[in-house]
1. From the residues in region 162-172 that are open to solvent by less than 70 Å² (accessible area, probe 1.4 Å) and of a type in the set (Val, Ile, Thr), which one is farthest from Met122 (Cα to Cα)?
2. Do you know which of the residues in region 112-145 that are in a loop (DSSP other than H, G, I, E, B) and exposed (fewer than 14 other Cβ atoms within 10 Å of the Cβ) is modelled with the highest pLDDT?
3. If the requirement is being at pLDDT 95 or above and of a type in the set (A, V, I, L, M), which of these qualifies: Ala6, Ala13, Ala35?
4. Which condition from (1) within 19 Å of Lys23 (Cα to Cα); (2) within 12 Å of the chain's Cα centre (by Cα) is the one that Val67 breaks?
5. If I ask for residues that are of a type outside the set (Asp, Glu), farther than 14 Å from Val96 by Cα and surrounded by 15 or more Cβ atoms within 10 Å (Cβ to Cβ), which ones from region 173-193 would you list?
6. Out of (1) open to solvent by less than 20 Å² (accessible area, probe 1.4 Å); (2) farther than 16 Å from Ile46 by Cβ; (3) of a type in the set (Phe, Trp, Tyr), the odd one out for Phe153 is which?
7. Consider Asn29 against the criteria (1) more than 22 Å from Val10 (Cα to Cα); (2) open to solvent by 20 Å² or more (accessible area, probe 1.4 Å): it satisfies all of them except one. Which criterion is unmet?
8. Picking from Lys23, Lys76, which residue would you name as being farther than 26 Å from Val161 by Cβ and modelled with pLDDT of 95 or more?
Amino acid sequence: MLDTKARHLVEPAISQSANIFLKIGLTANHVTVIAFIIGVSSGVFIYLDQPILALAVLWFSGFLDVVDGTMARKTKTSPFGTVLDVTFDRLVEISVILGLAFRFPEAMWVLLLLSVSIIFCMTVFLTVGAVAEKSGIKTFYYQPGLAERTEGFILFSLMIVFPDYLIAIGLIFLGVEIFTAVQRLTEAGKILK
């Protein structure tokens with residue numbers, strides 16, 4: 001929801017960063033890989049009980065993840081870049097979940113359910129994106145929903161900062177993911193008739 005509704009608020013910083021990276025010779029795929037490497041370190045920092053570092057690298061990787069798409073649109077988007085971007089995004093999320101699960105094994109069950117809900121939600125998102133004829137600024141149809149990447153990062157951040165409430169926040173996150181998947185399935189039923 002925030003990715004769709006509030007993007008215009010941060011667009012100047014994103015565009016300026018994209019221009020700087022392009023000027024120094026980086027490609028969108030370079031930034032995708034950098035964002036991935038930085039992002040997966042968040043799980044390690046969670047496990048090592050370094051929540052501030054975990055948050056910093058998670059959000060910086062998220063920022064770079066938005067910048068790489070802008071870079072691609074300023075140059076030339078590539079199907080392989082899209083595959084890298086979507087795949088690496090999920091691996092960053094998995095690193096956070098694994099870091100939390102290993103650090104707080106008593107919450108492993110809710111983190112497993114959360115993982116399943118993310119898989120379900122992303123399956124709907126990617127399948128609809130692949131078969132829908134609509135297009136937008138992305139290389140495939142981008143279905144908005146209650147839980148987009150920013151909402152996920154906010155909920156992951158709350159889980160990292162408030163581990164005493166990890167299970168409760170995880171259950172809220174699970175509910176948000178399931179709601180979003182159903183929301184997207186409902187929309188898919190309308191647009192794919």
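1. First, the residues of region 162-172 that are open to solvent by less than 70 Å² (accessible area, probe 1.4 Å): 163, 166-170.
Adding the requirement that they be of a type in the set (Val, Ile, Thr) leaves 167, 169.
Details: Ile167: 22, Ile169: 20 Å.
In this case the residue turns out to be Ile167.
2. Going through region 112-145, the residues in a loop (DSSP other than H, G, I, E, B) turn out to be 132-145.
Right, trim to exposed (fewer than 14 other Cβ atoms within 10 Å of the Cβ) and you get 133-137.
Values: Glu133: 66, Lys134: 59, Ser135: 54, Gly136: 54, Ile137: 50.
Here the answer is Glu133.
3. On the way: Ala6 fails: at pLDDT 95 or above; Ala13 fails: at pLDDT 95 or above.
Unique residue meeting the criteria: Ala35.
4. (2)
5. In the first step, residues of region 173-193 are kept if they are of a type outside the set (Asp, Glu); the result is 173-176, 178-186, 188-193.
Still in the list and also farther than 14 Å from Val96 by Cα: 174-176, 178-186, 188-193.
Within region 173-193, Leu174, Val176, Ile178, Phe179, Thr180, Ala181, Val182, Gln183, Arg184, Leu185, Ala188 qualify.
6. Phe153 satisfies all of (1) open to solvent by less than 20 Å² (accessible area, probe 1.4 Å); (2) farther than 16 Å from Ile46 by Cβ; (3) of a type in the set (Phe, Trp, Tyr) except (2).
7. Condition (1) is where Asn29 drops out.
8. Values: Lys76 fails: modelled with pLDDT of 95 or more.
Going through Lys23, Lys76 in turn, the sole match is Lys23.
The values are calculated or read from the model by the stated rules, or taken from the named source; none is laboratory data. Model, not experiment: these values are computed from the prediction. When we count neighbours, we look across all protein chains shown, and the Cβ atoms used for this are built from the backbone with ideal geometry, even at glycine. Side chains included, ligands, DNA and RNA excluded: accessible areas come from the protein's heavy atoms. Shrake-Rupley method; radii C 1.70, N 1.55, O 1.52, S 1.80 Å.
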